1. Skip the ligands, DNA and RNA, and give the accessible area per residue of segment 168-217 with a 1.4 Å probe, whole Å².
2. Provide the per residue accessible area, probe 1.4 Å, for segment 353-394, rounded to a whole number of square angstrom.
3. Quick one: pull the percent of accessible area on segment 311-414 belonging to carbon and sulfur, 1.4 Å probe, ligands and nucleic acids left out.
4. What is the percent carbon and sulfur in the accessible area of segment 74-145, measuring with a 1.4 Å probe over the protein chains and ignoring ligands?
5. Using the Karplus equation 6.51 cos²θ - 1.76 cosθ + 1.60 (θ = phi - 60°), what ³J(HN,Hα) coupling, rounded to whole Hz, does each residue of segment 155-161 give in order, writing x for Gly and Pro?
6. Just the number, please: carbon plus sulfur as a percent of the accessible area of segment 154-194, 1.4 Å probe, no ligands or DNA/RNA counted.
7. In whole angstrom, how long is each semi-axis of the equivalent ellipsoid of segment 76-203, when you take the square root of 5 times every eigenvalue of its Cα gyration tensor and sort them from largest down?
8. Kindly state, to the nearest 0.05, the FRET efficiency for THR392 paired with GLU413, given R0 = 22 Å and r defined as their beta-carbon distance.
Amino acid sequence: MAESGTQRHYRAPCPGCGAPVGFRSAQSTHAVCPYCHSTVVRSGEVLRRVGRMAEVFDDHSPLRLMASGRFGDQPFTLIGRLQYKGDEGSWTEWIAWLQDGSTATLSEDNGAYVFTRPAALGREPPDAARLRVGATTAVGGKPFSVAANLRAQLVAAEGELPRLPPPGQPFQVVELRSSDGEVLAIDYGSSPPQVQRGRAVRLEDLQMQGLKDESAREEKGRQFNCPHCGAPVQVQLATTKSCTCPACNSLMDLSAGVGGELRHAVQHEPVAPLIPLGSVGRFEGAQWQAVGFQHRMGREPGDDEEFGWDEYLLYNARRGFVFLVDASDGWSLVRPATGAPRYKNGAQTASYLGAQYRLASTYTAETDYVLGEFYWPVERGQKTSNADFAATGGRGILSREQSRGEVTWSHGERIDSSAVAQAFNLGDKAALFRRQDAGPVAGNPGIGCSTLILAAVVLLVLLVLMSNCSGASGGGYRSSGGSFGGYTSGGGHK
């Protein structure tokens, strides 16, 4: 039957079980029966069963079918969901039905969102193999950087869908980013390829209604026994793709699900984080919990000396993830960039959001030790090619990381060590947080001239020794947050 109104609503019995299956959008060609999970295709007002869809896995998203919101002046309703698995993780795409009868996509990845609508390139999309990661291409005269070129496959779906790639069949997904934060995704799972264009959004800006209750979103956690030592392991975040055992520190890959066979790696020589995992700190007016920690080592080209730094993964249920980086030259708070800065491979400068940055260092980075939970399948020995940039004015930092199928830009700024200690209520340990950013010590009336002279001599000796050390490369901007993490503030395709 069809209902009257500005948008016809089709409803017909499921050919698999007879339950009613509805179509609110005239653009929806497929639907998944909510009762028997039959995949049906619409032909007029008749439904034809074409298979059975796997049940969607519970990703603990605050979104759900029939939740509504507003994008600009356009109200929308979520009518379908597609779950994909890619090279470096999984993501979800929600089909949004707009009031004018068109559809859009709200992509979700690790607490971040991108709202896109179907778009035309003005020409046939190039073969995916021609879009090399890190390269620049023009779309309608506007430059875009190729941020990701990954193989993905559809693993589950529900609701009504304007398109349906064959489940389990791999296809390429290419994501382009512009310097002003625009996202352009090319889905090669159909012929011709589907193109979506949009930008990153925040849930609060979409004025969402009908979300899951807070109680429903609480993480009850998952528990299993460590495959190495047998100790119980509790996983708190549904987005976690890897974690460590609290007893033996073995690193486990959860990307195939806790129910699957766990791959694990034994870690020796543990590194103790200065900020205990589980601690809550306050940055940018919000509470952030430290859920992951990794120690990374770097080496500059032609240099035998290595340097190290620490990265804390911080999580906020509404804002997703950010990285708190502890390096020899100070602390910084960074997050993956929404867009791709203006940059040419090998250039000494880059620009992002109107700010200019100058190259500070290039190096290879390798994950050396891991604790806690991560939203990507982290492994010891993971390597990236990095370039760090410092703002020509102010305290801004910019970092570029390139892996096999993805380029990730992160941006943020350096913060005082005292602010980090205060954020986590560790003011009594402020001395342990001090780095090269620490200011001069105020004069003490109890210090005499002889003490000052002795201090000056010691300082002079240290300076001479430091000047004779070859390859002391630890003073660059180690701002590389988000390794193997993709665009977590965009979440389009990763």
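The values are calculated or read from the model by the stated rules, or taken from the named source; none is laboratory data. Given the structure is predicted, the values throughout are model-derived calculations rather than measurements. Here the Cβ is made from the backbone with ideal geometry for all residues, glycine too, and neighbour counts use every protein chain on show. Areas reflect the complete protein model, heavy atoms only, side chains present, ligands, DNA and RNA absent. Shrake-Rupley method; radii C 1.70, N 1.55, O 1.52, S 1.80 Å.
1. On the way: 2260 Å² over 50 residues.
Per residue, segment 168-217 has an accessible area of 45 Å².
2. Numbers: 1680 Å² over 42 residues.
For segment 353-394, the per-residue accessible area is 40 Å².
3. Values: 1620 of 3770 Å².
Of the solvent-accessible surface of segment 311-414, carbon and sulfur hold 43 percent.
4. On the way: 1230 of 2590 Å².
Result for segment 74-145: 48 percent of the exposed heavy-atom area is carbon or sulfur.
5. Taking θ as phi minus 60°, the curve returns 10, 6, 7, 8, x, 9, 9 Hz for segment 155-161.
6. Working: 660 of 1270 Å².
Carbon with sulfur: 52 percent of the solvent-accessible area.
7. Numbers: eigenvalues 94, 61, 42 Å².
Sorted largest first and rounded, they come to 22, 17, 14 Å.
8. Working: r = 13 Å, r/R0 = 0.61.
After rounding to 0.05, the efficiency reads 0.95.
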